[in-house]
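In what follows, a structure is listed as structure tokens, so that the remarks can point back to it.
Laboratory data are not the source of any read-out in this text; all were calculated from the coordinates shown. Computed from a predicted model, the values in this text were never measured in an experiment. Here the Cβ positions follow ideal geometry from the backbone for every residue, glycine too, while neighbour counts run over all protein chains shown.
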Amino acid sequence: MLIANPEQKKATPKPVDIHVGRRIRMRRIWMELSQTSLAEQIGVTFQQVQKYEKGTNRVGASRLQQIADALEVPPSYFFEEMPGAGTNGVESGAVKSQIQSEIIDFASSDEGLALIKAFSRIGDANVRSRAIGLLKALADRD
């Protein structure tokens, strides 16, 4: 019988698992699906969906295909804009990777998704421009 070592550290999620999880969450929220609804569609518990979205549980290939089908995207969607992918180690690539990571973090947050959805529903280009001006002015106040 194996006895767990209390001093053993928990495995930390790999960056790719975190990225895939964020993309799952971002798309699920964009489609206005609950974790429970997605879980039912792919045959797991909502807790399992939570673990996928946090990156604590790795998503297998067949499960990723089920998630992609449920979220109406190709499986490659979950790997798009992954920090570090395709960079050659040049510093500008590292800076770009950091910016992409910040954008993905924002876009997968509740506030980011709400802002993106609301902004994308504004049809008038002048109103969008004025909204950007307002946001910039508010950001400069701090």
Next on the checklist: Sort VAL49, VAL59, VAL44 by Cβ crowding within 10 Å, fewest neighbours at the top.
Outcome noted: VAL44, VAL59, VAL49
Checklist entry - In what order do TYR77, TYR52 fall by count of nearby beta-carbon atoms within 10 Å, going from fewest to most? => result TYR77, TYR52
